[in-house]
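*Asks:* Quick one: the structure is below, and I'll ask about it shortly.
Derivation of every value follows stated rules applied to the coordinates shown; laboratory data play no part. Being a predicted model, the structure only gives us computed values, none of them experimental. Positions of Cβ are backbone-derived with ideal geometry, glycine not excepted, and every protein chain shown enters the neighbour counts.
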Amino acid sequence: MLKIRIIPCLDVKEGRVVKGVNFIGLRDAGDPVEQAKIYDLAGADELCFLDITASSDNREIIYDVVRRTAEACFMPLTVGGGVRNINNIRSLLLAGADKVSINTAAVKEPNFVKVASQKFGSQCIVVAIDAKSVLEGKWEVFTHGGRKKTGIDAIKWAQRMEEYGAGEILLTSMDRDGTRAGFDVNLTRAISDNVSIPIIASGGVGNLDHLVEGVSKGHASAVLAASIFHFGEYSISEAKAHMHHAGIPVRLEN
Amino acid sequence: MQKVVIIDYGSGNLRSAAKAFERMNSELGLKYTIEVSSQTETVMSADRVVLPGVGSFPDCYVGVNKQEGLLEALNEIVIEKARPFLGICVGMQLMASKGYENGETSGFDWIEGDVIAIKRSDDQVKIPHMGWNELDITETNHLVLENLCNIGQKPHVYFVHSFHMVPKKSDHILAVTEYGQRVTAIVGKDNMIGTQFHPEKSQKTGLQLIANFLQWSP
């Protein structure tokens with residue numbers, strides 16, 4: 001049976017791991033490569049790096065972080081943030097990323113997802129969707145870390161991205177991100193039930209029950225969390241044991 | 001010095017595969033050089049051959065064909081000289097007679113069979129089949145499949161694919177996994193073995209399989 005994946009996410013800025021509340025008030029939580037090694041040993045099912053470096057001149061730093069991480073870890077690595085063109089994707093994959101996640105660039109130029117998935121294969125193209133609730137049962141896509149409205153319906157967007165060759169959707173609720181109030185499970189379910197590709201639920205995890213809900217109520221194939229793991233509140237194995245007891249299939253050995 | 005050649009035909013990142021082989025080579029105290037190459041001469045001088053592959057079946061087949069003489073070199077080193085061969089993901093699928101991703105494409109025809117889409121039996125079955133799934137090892141005596149997990153447990157490995165190989169002869173299937181249907185996970189024949197999953201991404205279990213392959217005398 002396919003297991004639900006638990007994915008720790010490291011927000012990386014200028015080569016250092018940071019994570020904040022609603023993207024403001026960043027706190028330093030260490031060296032990304034060291035953190036990655038710890039997660040690899042702890043049996044994380046995948047690792048996600050989100051590069052939040054503001055300037056596009058500093059892309060080389062993330063390539064180097066990815067390169068050093070891929071040398072030390074033997075699990076899938078997804079890198080997102082600032083992926084704007086085919087060359088960015090190629091550089092990340094060559095550095096050792098297994099998947100790249102595309103967000104703003106997909107909204108700006110949806111065809112980019114089509115070209116990228118044809119060139120590198122759907123398996124390595126993740127489309128990240130930041131969504132905010134606008135009406136009961138309706139969500140809109142936002143870009144630029146939740147600051148910019150696009151007017152695009154999130155469900156329709158997810159379906160279009162699937163059609164364009166996305167292999168997976170990383171779905172973040174901008175209403176919940178950083179709040180520790182749990183996933184927006186209605187959003188997660190609405191997207192998950194309307195596409196046939198896997199959904200990674202993200203945004204709002206504050207405790208281990210939230211991870212369970214993302215799957216049981218949100219129908220996610222994977223759950224992503226940042227701060228609950230890397231500030232040591234919960235370990236990966238505690239998260240897995242908790243999900244296992246709640247009847248969610250997880251990989252317990254590693 | 002003995003050589004493991006990981007074939008580079010423009011199919012994605014080979015660094016993590018090379019790193020995994022290097023790690024096990026040094027942990028086991030073996031003296032292989034691990035080379036990533038697309039050169040026919042290098043492939044011809046390999047003692048062990050690894051064919052990775054990501055993307056689509058036809059793209060990978062075209063990728064191999066684009067390298068002048070590579071297909072012939074592979075046939076000679078793997079079939080005639082019978083050097084141990086490991087195909088990974090689409091590299092495994094290429095061992096089949098034919099692939100049916102985006103139309104019909106021929107494969108190497110080393111293992112008689114077709115590569116077909118995983119059926120989407122119900123809405124719960126997401127395609128691609130992506131993530132960690134259990135291996136049901138059907139051929140328990142194969143040396144490459146030894147010690148993959150503790151006795152009584154099933155090993156988990158990392159899959160990312162939408163198509164899988166269906167060999168004509170069931171004894172070419174060494175392991176399967178369950179995903180709404182029986183999905184071929186490992187195939188093998190003589191000196192060849194192929195994994196649909198990514199051993200280089202499968203933590204301890206994957207590294208053990210790579211270690212076994214490095215020590216395998218078919």
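*Asks:* Run the paramagnetic zone check for B:Lys66: 7 angstrom along Cα to Cβ, then residues of region A:67-87 with backbone nitrogen under 11 Å.
*Replies:* none
*Asks:* Another question, if that's okay. Give me the net charge of B:Lys3's neighbourhood, meaning all other residues with Cβ under 12 Å from the Cβ of B:Lys3; Lys, Arg count +1, Asp, Glu -1.
*Replies:* With Lys, Arg at +1 and Asp, Glu at -1, the neighbours total 0.
*Asks:* A further question follows. At q = 0.08 Å⁻¹, what is the log10 ratio I(q)/I(0) for the protein assembly as shown, with the Debye formula run over Cα points and no solvent?
*Replies:* Calculated log10 I(q)/I(0) at the listed q: -0.44.
*Asks:* Net charge around B:Gln208, counting only other residues with Cβ within less than 11 Å of its Cβ (Lys, Arg = +1; Asp, Glu = -1)?
*Replies:* -1
*Asks:* Amide H to amide H, which residues 5 or more places from B:Ile6 or on other chains are under 5 Å from it, using H placed in the peptide plane?
*Replies:* Distant-sequence amide H within range of B:Ile6: B:Glu35, B:Val36, B:Ser37, B:Val50.
*Asks:* Viscosity 0.890 mPa s, temperature 25 °C: Stokes-Einstein D of region A:176-234 from its Kirkwood Cα radius, in µm² per second?
*Replies:* In µm²/s, the coefficient is 219.
*Asks:* Starting from the Cα coordinates of chain B, work out the convex hull volume and express it per residue in Å³.
*Replies:* Enclosed volume per residue, from the Cα hull, is 110 Å³.
*Asks:* Continuing with the same structure: Can you find, among B:Val43, A:Ala42, B:Ile173, the residue sitting farthest towards the positive end of the charge dipole of the protein assembly as shown, where Lys and Arg contribute +1 and Asp and Glu -1 at Cβ?
*Replies:* After comparing all options, I get A:Ala42.
*Asks:* A follow-up question, please. Per DSSP H run of n ≥ 4, the term is -39500 (n - 2.57); total these for chain A, divide by its residue number, and report the mean residue ellipticity at 222 nm rounded to 500 deg cm²/dmol.
*Replies:* -10000 deg cm²/dmol
*Asks:* Summarise the partner chain shielding of B:121-132 as one whole number: the mean count of Cβ atoms from other chains within 10 Å of each residue's Cβ.
*Replies:* 6
*Asks:* Which of the residue pairs A:Lys149/B:Lys119; A:Lys3/A:Lys217; A:Lys108/A:Lys132; A:Lys240/B:Lys204; A:Lys114/A:Lys138 have a Cα-Cα distance greater than 28 Å in the structure shown?
*Replies:* A:Lys149/B:Lys119
*Asks:* Over all residues in A:98-105, what is the mean tally of Cβ atoms on other chains that come within 10 Å of each residue's Cβ?
*Replies:* 1
*Asks:* Continuing with the same structure: Taking every pair of distinct Cα atoms and averaging 1/r, then inverting, what Kirkwood hydrodynamic radius in Å comes out for region A:5-245?
*Replies:* Roughly 17.5 Å, rounded to one decimal.
*Asks:* Filter the GluC sites (Glu not before Pro) in region A:126-173 to those in DSSP coil with at most 11 other Cβ atoms within 10 Å of their Cβ, and list the result.
*Replies:* Counting only loop positions with at most 11 other Cβ atoms within 10 Å, the GluC sites (Glu not before Pro) in region A:126-173 are A:Glu136.
*Asks:* If you add up the charges near A:Val185, with Lys and Arg at +1 and Asp and Glu at -1, over every other residue whose beta carbon is less than 13 angstrom from its beta carbon, what do you get?
*Replies:* That sum, taken over residues with Cβ under 13 Å, equals -2.
*Asks:* Put a dot 7 Å past each Cα toward the Cβ at B:Asn141 and B:Glu76; how far apart are the dots in nm?
*Replies:* 3.5
*Asks:* For chain A, just give the cysteines left without a disulfide-compatible partner, judged by no other Cys Cβ under 4.7 Å.
*Replies:* So far as the 4.7 Å Cβ criterion goes, A:Cys73, A:Cys124 stand without a partner in chain A.
*Asks:* Quick check on region B:1-70: what are the equivalent-ellipsoid semi-axes from the Cα gyration tensor, as sqrt(5λ), descending, whole Å?
*Replies:* Taking √(5λ) for each Cα gyration eigenvalue gives 23, 14, 7 Å.
*Asks:* Counting only other chains, what is the mean number of Cβ atoms within 10 angstrom of the Cβ of each residue in peptide A:72-78?
*Replies:* Across A:72-78, the average partner-chain Cβ count within 10 Å equals 6.
*Asks:* Tell me, in nm to one decimal, what length is gained between A:Arg90 and A:Leu252 on full extension, where the rule is 0.36 nm per residue of separation less the Cα-Cα distance?
*Replies:* Fully extending the segment from A:Arg90 to A:Leu252 adds 55.0 nm.
*Asks:* Something else: Given an 8 Å cut-off on Cα distances and at least 6 residues of separation, report the relative contact order of region A:5-245 as a percent.
*Replies:* In percent, rounded to a whole number, it is 17.
*Asks:* A:Asn194 to A:Ala72: extension gain in nm, 0.36 nm per residue of separation minus the Cα-Cα distance?
*Replies:* Gain on stretching A:Asn194 to A:Ala72: 40.2 nm.
*Asks:* Tell me what chain B gives for mean residue ellipticity at 222 nm when only DSSP H runs of n ≥ 4 count, each as -39,500 (n - 2.57), the sum divided by the residue total, rounded to 500 deg cm²/dmol.
*Replies:* -6000 deg cm²/dmol
*Asks:* Can you work out the Karplus-derived ³J(HN,Hα) for every residue in region A:235-248? Use 6.51 cos²θ - 1.76 cosθ + 1.60 with θ = phi - 60°, whole Hz, and x for glycine or proline.
*Replies:* These are the phi-based 3J(HN,Hα) values: 9, 4, 5, 5, 4, 5, 4, 4, 5, 4, 5, 7, x, 8 Hz.
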